[in-house]
Every structure is written in C-alpha cells, then in structure tokens.
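The values are calculated or read from the model by the stated rules, or taken from the named source; none is laboratory data. Since this is a predicted model, take the numbers as computed values, not measurements. Quick reminder, even Gly has a Cβ in these numbers, built from the backbone with ideal geometry, and neighbours come from all protein chains shown. The accessibility values were calculated without ligands, DNA or RNA, using every heavy atom of the protein model including side chains. Shrake-Rupley method; radii C 1.70, N 1.55, O 1.52, S 1.80 Å.
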Amino acid sequence: MTDGRVLVLNSGSSSVKYQLVDPADRSRPAAGIVERIGERGSRLRHTTADGARRTREEPMPDHRAALKAMAAELAADGLGFDSPGLVAVGHRVVHGGRRFTEPTLVTPEVEAEIERLVPLAPLHNPANLTGIRTARTLNPNLPQVAVFDTAFHTTIPEAAARYAIDTGVADAHRIRRYGFHGTSHAHVSRACARLLGRDPSEVNVIVLHLGNGASASAVAGGRCVETSMGLTPLEGLVMGTRSGDVDPAVIFHLSRVAGMSVDAIDDLLNRRSGLIGLCGDNDMREIRRRIDEGGEDGERARLAFEVYVHRLRKYVGAYTAVLGRVDAIAFTAGVGENSAEVRAAVVAGMDEGLGPVVDPERNARREDGPRIISPEYARVAVAVVPTDEELEIAVQAHALVTG
Ligand code: AMP
C-alpha cells in the first residue's frame, strides 16, 4: 500500500513531461510526455506501470488541453487527479532566485514571486507557472509544490556568486551566479556519498552533470560551494548546443563587427554553439562514431571532443582547489552515465597530481546503478551515479506535504 504518490511535472513552453512517482518504493506507476502543445501535430505518449504504451494524437491548443489529456490517461488506470493515493503535484521550477532555498508549497504569494523572477528565466518560469496554474484547476485541493533548479546552489559563498562588475548595476538587475540543475547535483552528490559508504556531511564531491545541458558543481560536506552555470544556464562547460564560457567581448565583437543583433547572438550562443557549433553534431555517440571513422570529418569531431574535455579538465582542477580535498568525482546524465571515453579523457593523467584515476575495465563495464570506476588504491574515487531528478522532486514534495 502506497503512503502517497507525487505527480512530477516538468512544464516547458510547448511540452510537458510527467511522471507519477511512489517515493516509498521508487516505482513509476505512469509516465509520459505531451509534445507540440499549441502547434500542429500535438500528441501525448503515455507509459503505464507494466510498460504498455498509449498514444493520443489530437489538437491540444494550450497547456490546459494538454494536462486534461494527461489526467484522462491517468484516470483510465485509476490514477487520476482525484485518486486517493495522490498527495501532491511536484513542479520543476527553473528559477527560484535567492529567495527559494527549499521545496516550497505554492501559495498566491509564492506564485507572485516566481512571476517576479520571470526576467531571469524568460522562457522557463512562465511555462512552469502555467503548469502550476493549470494543474490546480484539475484539483484545487491538491497541494502544488515547487522544487527549484537553483535551490541547491543558494549556499554558494558570495565570493563565488558575485560577478566582478559594478555592484550597483549588479544588484539593481539581480545579476549574480545562481546555477541550475540543482536537483540533479543534490541527488547525485548524496547518492555518491552513500556509494562510498559515508554520510554526505563527511564527503567532498565534484559532480559533473553532462547531458545535453551540462554543469559542474563542488559540494563540500553536502553543501554546494561552487557551480559552473551562472545568471543563466549558458555559463560554464561546453554543452550540446551552448558555448559555455566565452570572453564576454565576443558579444561586443559580433555586434560591432559582424552586425548581429542581441537576439541573433543569443541564438548563436545558446542553440548553435557547443558541440553542434564545433562539429555539427550534439550527440556524443555520433561524435565518437565520426572519430572512429576518421578522415577530415572525423578530425572535426575529434576537435569538438577535445574542446569539450579540455573545459571539463579545467573545471575539475579549479574545483579541486576550491574544495581543498576531493573524495570523489561523480559523472552523471546522458554523457556522464554512458560515455566511458569522456570519463577516461577527463581524468587522464591526473592520478599523480590531483588524484582521480579510472580503472579501464570498470569504466568500460555497462551497468545500470551507481558504481565506482576507479581502482581500489585511488586517492580520489571516480563514480558513475545515474541522476533521477523526478525521484528527487517527488521525495522532496512528499516530505513537505506529509512531513
Ligand atoms: P540528457 O540531457 O541527460 O538526456 O543527455 C542527452 C545526451 O546524452 C545526448 O545528447 C548524448 O550526447 C548523450 N548520450 C546518450 N546516450 C549516450 C551513449 N550511450 N553514449 C554517449 N553519449 C550518450
């Protein structure tokens, strides 16, 4: 018997991903995605607990239509918005500013604050708010809980959070480093400590979240002290389509010399840079395949791989200095969990200096759960720790409403 399920919603501007999660046994009685909301060809793909798949293709002009379709799919299996086992809806909210340091029950005042943060996350927060408001109409009595992508990073010290720009300008416009992917960094740093058989409060971990978006964090005794994303998710590592760190003067140069508009530069750095900008592919599997095939095309892919890895190595070095002592490096998300080549290249040659080293056989083994891939003698453990943001959101929301 469940002691309460949480419906986790990740609402984007034209899509909603959902998972019904039972935190007690980590099971997913249902999951799915609604895509192309407000566009032609809207569709919902739903997966039930036993793996059966159902698809709906029908016009879904807005989020309300999308969530109603989702609710109908859930209700068909007795898991709808009115079912007694459902205790909360947990929403992924991208920007919580400095204010939201914890999962938060949504009240009108909280909603207004999320709205006030829209200028800092103009694409994400409005979609997240739409998700909250729409879910509420489906059952006004169900608690709505916001879990913020920025929350885990609110502990980073001022020296790491400040940009060295005029303080008056920075404060007037709330310009500082906030960091993102916090739910993943929190989950993975704790799971990594457990994997080492230690309490998170005793362990210093560098977490490398390498998905299509990518970020690093330095976590000291369970508290985040540094992270690579900044005011927006553009700063830091080389990503699938984002540049990560560039000299800010690149932007002036593109404006003055290339005559590009701010919107065009935004599009360039966020959607046409990173791996895709360097070699035309943002999927690491494809990049590795091209490298193996060789030739001129393979060389382009190799350079993209090397730029990607070089940036990661710089961050590992910097975060080792920030932490003073590193117990583990944890790789997670699509690339981090699956690419043995990236993991090996990131720590190559570091064993005598910084300490991390991978065991080639352990690194190459394909397993599902968290695992250590460094040899027994390593001073710094290297681990693969699958992320699970939905579970983390469900656990946090469940604790808040049943706590
Ligand atoms: P995510 O954003 O965490 O879903 O990660 C997506 C990215 O993971 C894809 O763009 C791929 O680059 C990468 N990825 C997924 N599977 C593999 C794999 N088997 N080997 C290497 N990279 C992978």
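Quick rundown of the values:
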| quantity | calculated |
| --- | --- |
| Efficiency of FRET from Cβ geometry, D266 and A348, R₀ 22 Å, rounded to 0.05 | 0.05 |
| Dipole moment magnitude, nearest 20 debye, the chain about Cα centre, only Lys, Arg, Asp, Glu C-beta charged | 300 debye |
| DSSP-defined beta bridges in the chain - what % are antiparallel, rounded to 5 | 65 percent |
| Cα gyration tensor shape of region 155-243, rounded if a/c is under 1.5, else prolate or oblate by comparing a/b with b/c | oblate |
| Shape of the chain, Cα gyration tensor, a/c cut at 1.5 | rounded |
| Highest to lowest packing among 296-304, 117-125, 212-220, 62-70, scored as the average C-beta count within 10 Å | 212-220, 62-70, 117-125, 296-304 |
| Cβ crowding within 10 Å averaged over residues, with 92-98, 155-161, 370-376 ranked highest first | 92-98, 370-376, 155-161 |
| Span-rule helices in the chain, defined as complete DSSP H runs reaching 15 Å or more along the axis (Cα) with Kyte mean at least -1.0 | 63-76, 124-138, 182-195, 295-323, 389-402 |
| With every protein chain in place, region 293-376: carbon and sulfur % of accessible area (1.4 Å) | 49 percent |
| Cα-based shape type of region 95-244, given that a ≥ b ≥ c are square roots of the gyration tensor eigenvalues and the cut on a/c is 1.5 | oblate |
